[in-house]
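The values are calculated or read from the model by the stated rules, or taken from the named source; none is laboratory data. Just so it is clear, the structure is predicted and the values come from calculations on it, not from any experiment. Here the Cβ positions follow ideal geometry from the backbone for every residue, glycine too, while neighbour counts run over all protein chains shown. SASA here: full protein model, heavy atoms, side chains in, ligands and nucleic acids out. Shrake-Rupley method; radii C 1.70, N 1.55, O 1.52, S 1.80 Å.
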Amino acid sequence: MSHLQQITVLGATGSIGLSTLDVIARHPERYQVFALSGFTRLLELEALCLRFRPRFAVVPTSAAAVALQGALHSGGVSTRVLVGEAGLCEVAGHPEVDAVMAAIVGAAGLKPTLAAVEAGKKVLLANKEALVMSGALFMQAVRKSGAVLLPIDSEHNAIFQCLPGDYARGLSQVGVRRILLTASGGPFRQTPLEQLREVTPEQACAHPNWSMGRKISVDSASMMNKGLELIEACWLFDAKPEQIEILIHPQSVIHSLVDYVDGSVLAQLGNPDMRTPISHALAWPERIDSGVAPLDLFAVARLDFQAPDESRFPCLRLARAAAEAGGSAPALLNAANEVAVQAFLQGQIRFPQIADMIDEVLNIAPVVVVESLAAVFAADTQAREIAEQWLQRHAR
Ligand code: NAD
Ligand code: MG
């Protein structure tokens with residue numbers, strides 16, 4: 001390798017951010033941390049800055065910047081602290097940066113992630129909501145700048161690994177019949193339907209196989225995560241929604257599969273640990289040690305599959321409908337879901353009402369053609385307003 005690669009980690013204090021730093025720390029001869037961002041856990045961010053000594057850190061407010069700058073100065077670290085979205089965009093697109101880990105959760109990550117794309121960086125995409133909201137514009141920006149977009153979501157990373165290098169010619173051109181997107185089914189896969197009204201945020205966040213942030217954990221419990229991933233896969237691999245089949249695979253060992261016209265089905269397997277896709281994308285096209293234990297298939301013993309039940313998981317139906325509608329529909333879906341998940345986590349609504357709120361937004365807000373980022377954010381704002389009105393009427 002020619003030089004030490006400079007890495008920006010957006011969302012460094014989160015689950016993906018910390019896993020990324022774990023991998024980076026294993027390879028000091030390859031990677032150097034250029035910038036780290038945090039939003040709430042700022043003492044953790046301070047500790048990370050003292051450990052990794054990045055050129056820049058980004059925090060949400062000026063007051064937080066003053067506090068962090070002072071603490072780092074006392075600790076003998078010369079990191080410069082920047083503020084807010086402008087700071088995030090600056091460290092994402094900085095000329096000295098080689099790769100950006102986009103691991104901010106939700107719509108808040110869209111502009112910084114796009115800044116990395118527009119600057120032609122190697123972009124490691126964990127922030128699926130950014131792509132779901134703005135798919136067409138996002139992929140246009142990738143093509144225009146020549147950015148290298150590598151999926152971190154374990155399923156999409158698996159699909160990427162199972163596709164030939166020239167898949168961008170078109171899935172049918174390279175002999176792909178279907179993409180098989182696996183899902184664990186989350187913590188409520190077998191919960192009696194009538195009990196779903198009573199489940200708590202803690203139960204929803206206790207994922208059987210993966211340890212993740214709270215928002216994506218609730219998305220996994222409702223299977224909206226798989227719905228968002230369906231839309232994500234359509235954009236990443238230029239697939240139609242009907243080319244993607246979702247299957248529940250409770251062991252989370254097969255991370256997804258690609259079905260070819262000759263009957264071959266390629267799968268990527270591994271322990272459920274995000275350091276595998278993170279290492280894959282960081283080093284691609286090379287391979288590096290991730291710290292993940294080798295897969296013990298004797299211990300796994302069996303691999304089960306079942307079709308998802310849409311009466312249990314109505315969010316799947318809503319997401320598929322948004323994928324098929326196109327235009328602003330996925331941005332509406334995503335924003336409504338963000339409001340609903342937040343309301344559920346705060347105890348304002350019951351678990352099944354997440355889908356009810358999203359359904360209401362999709363029924364009321366018109367789907368429009370999206371030709372600018374302004375149109376994406378207009379849809380996002382409209383969806384949040386309708387969702388908040390629904391919440392006023394239904395909150396406990
Ligand atoms: P998390 O909640 O653990 O971390 C989120 C990060 O984003 C934190 O660093 C937080 O400070 C930052 N953040 C939150 N709100 C922000 C805002 N308004 N502005 C700026 N920064 C903000 O979440 P996570 O589990 O690490 O997930 C991050 C992203 O990766 C999500 O989009 C998620 O869907 C995706 N993802 C996560 C996993 C996983 O295993 N955790 C797997 C696949 C995809
Ligand atoms: Mg995933």
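Here are some notes:
- Going by accessible surface with a 1.4 Å probe and the largest first, Lys128, Lys215, Lys240 read Lys240, Lys215, Lys128.
- Fraction of accessible area attributable to carbon and sulfur, the stretch 183-323 (%, probe 1.4 Å): 54
- Of the residues Thr20, Thr61, the one with the largest accessible area comes first in the ranking Thr61, Thr20, computed with a 1.4 Å probe on protein heavy atoms.
- Rounded accessible area of Leu68 (nearest 10 Å², 1.4 Å probe): 10
- Unit charges on C-beta of K, R, D, E only; dipole of the chain, Debye: 540
- Think of a 1.4 Å ball rolled over the protein heavy atoms: the stretch 152-321 then has 44 Å² of accessible area per residue.
- Accessible surface area normalised per residue over the stretch 328-396 is 44 Å², counting heavy atoms of protein chains with a 1.4 Å rolling probe.
- Annotation note: GluC sites (Glu not before Pro) in the stretch 282-356 located in DSSP loop regions with a Cβ neighbour count of at most 10 within 10 Å are Glu286.
- Calculated mean residue ellipticity at 222 nm for the chain: -14500 deg cm²/dmol, from DSSP H runs with n ≥ 4 weighted as -39500 (n - 2.57), summed, divided by the residue count and rounded to 500.
- Accessible area of Val261 in the full protein assembly, 1.4 Å probe (Å², nearest 10): 100
- Heavy-atom accessible area order for Met139, Met223, Met212, largest first, 1.4 Å probe: Met212, Met139, Met223
- Two-decimal log10 I(q)/I(0) for the stretch 219-324, as the Debye equation yields it once each C-alpha is a single scatterer, q = 0.13, 0.16, 0.21 Å⁻¹: -0.60, -0.91, -1.32
- The number of Lys pairs in the chain with C-alpha atoms less than 22 Å apart, excluding pairs fewer than 8 positions apart on the same chain, is 13.
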